[in-house]
Every structure is written in structure tokens, then in C-alpha cells.
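A short worksheet on the structure shown next.
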Amino acid sequence: MFPSFKETIRIGGLELNFLLDGDDTEGTMVQFEMIVPPNAKVPAPHFHVEVDEIAYMLEGTLMQTIGSEIREMHSGDKCFIKRGVVHGFSNPYDQPARVLCTLSPASIGPAYFREIAAVINAGGPPDMQKVLAIMKNYGLEPVKPA
């Protein structure tokens, strides 16, 4: 049986299927399945000011960067990303990847991803100043690659 998703949000090639949001968890966490196609545009390396993240690979392979560590994540692998730690991911492989993401507390939830999707999916090059403003509003800090 497939899970029923509360909401699906598409940001460029990324697909986020929400299982739980802050309304379900009294603001304590958000959980979603993220599908990352091969070579999809992904968020810039960033850190969360007040949110911890857990990623659990369901299918496929991702390159995950956490701090200075870069590793391949395969089905069944998991990682914990503590607030304040710079992280990012990519899918340079031939197959889509599916990852279960849990964020706690729920301050980075569907509302954040809807706002980002509206800018990214508007057509043409995205207005990066708007993207950066939305990120900062939700406690995400982009970091320039070294």
C-alpha cells in the first residue's frame, strides 16, 4: 500500500510529498518524501538556524555533504544533520533518488517550500534575491561553496 500524501510540492525537478506537517505534530516536526531526478537543480549548500534534519534513503543514490564530509548515500543509509551544520546534496547518477526527510521543529514546512516553488517555477531565471529572502525568513542560511 502506498502512503497517502497530505500535499505534493514541485520545485523545478524536485518533488516533495508531505506525510506530516506542523499541524499534525503540534509544531514538533515535518516529514516528507523527496524525489530527486538525475542531475536535478538542488538547493545551494546551506544550514538551518534552528532546525535539525534526518535523511533516510529509500531508493537510488545521492551525494550528501555534511560539514566537510562528502559521502554516497544508498538505499537504507541515514544521516543526521544538526542545526548550524552546512549541508547539501546532489544526484549525479542515472536514476532518480527517493529520500525520507524529517525536520524538527516544523518551522521549515510546506509554507516555506510553497513560497520557494512559486519563485523557482515562475518561468525564466529565478529571482535569487527573492529566494534568499524566503530562505532567511524561514531560518535557512545559504553558504557559498569554498
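Among the candidates ILE108, ILE70, ILE35, single out the residue that is aliphatic (A, V, I, L, M) and either on the phi > 0 side of the Ramachandran plot or assigned to a loop (DSSP other than H, G, I, E, B) (or both).
ILE108
Looking only at region 86-116, count every residue that is in contact with a Cys (Cβ under 9 Å, 6 or more places away or on another chain) and over 16 Å from GLN64 (Cα atoms) and tell me the total.
Total satisfying the criteria: 0.
(1) under 23 Å from PRO38 (Cα atoms); (2) among the polar types (S, T, N, Q); (3) assigned to a loop (DSSP other than H, G, I, E, B): which one isn't true of THR65, the others all being true?
All conditions are met except number (3).
When the residues of region 22-57 are narrowed to those that are among the β-branched types (Val, Ile, Thr), surrounded by fewer than 20 Cβ atoms within 10 Å (Cβ to Cβ) and in contact with a strand residue (DSSP E or B) (Cβ under 8 Å, 6 or more places away or on another chain), which ends up farthest from PRO142 (Cα to Cα)?
By that ranking, first place goes to THR28.
Pick from SER107, SER90, SER68: which is closer than 18 Å to PRO142 by Cα and either among the charged types (D, E, K, R) or free of Cβ contacts under 8 Å to residues at least 12 places away in the same chain (or both)?
Matching residue, one of SER107, SER90, SER68: SER68.
Need the failing condition index for GLY60 against (1) surrounded by fewer than 19 Cβ atoms within 10 Å (Cβ to Cβ); (2) more than 15 Å from the chain's Cα centre (by Cα); (3) of a type outside the set (Val, Ile, Thr), just the number.
The one condition GLY60 does not meet is (1).
Would you pick out the residues in region 1-21 that are among the aromatic types (Phe, Trp, Tyr), part of a loop (DSSP other than H, G, I, E, B) and either surrounded by 17 or more Cβ atoms within 10 Å (Cβ to Cβ) or at pLDDT 95 or above (or both)?
Hits for region 1-21: nothing passes.
The values are calculated or read from the model by the stated rules, or taken from the named source; none is laboratory data. Every value quoted in this text rests on a predicted model; they were computed, and no experiment measured them. We place every Cβ from the backbone using ideal geometry, glycine too, and count neighbours over all the protein chains shown.
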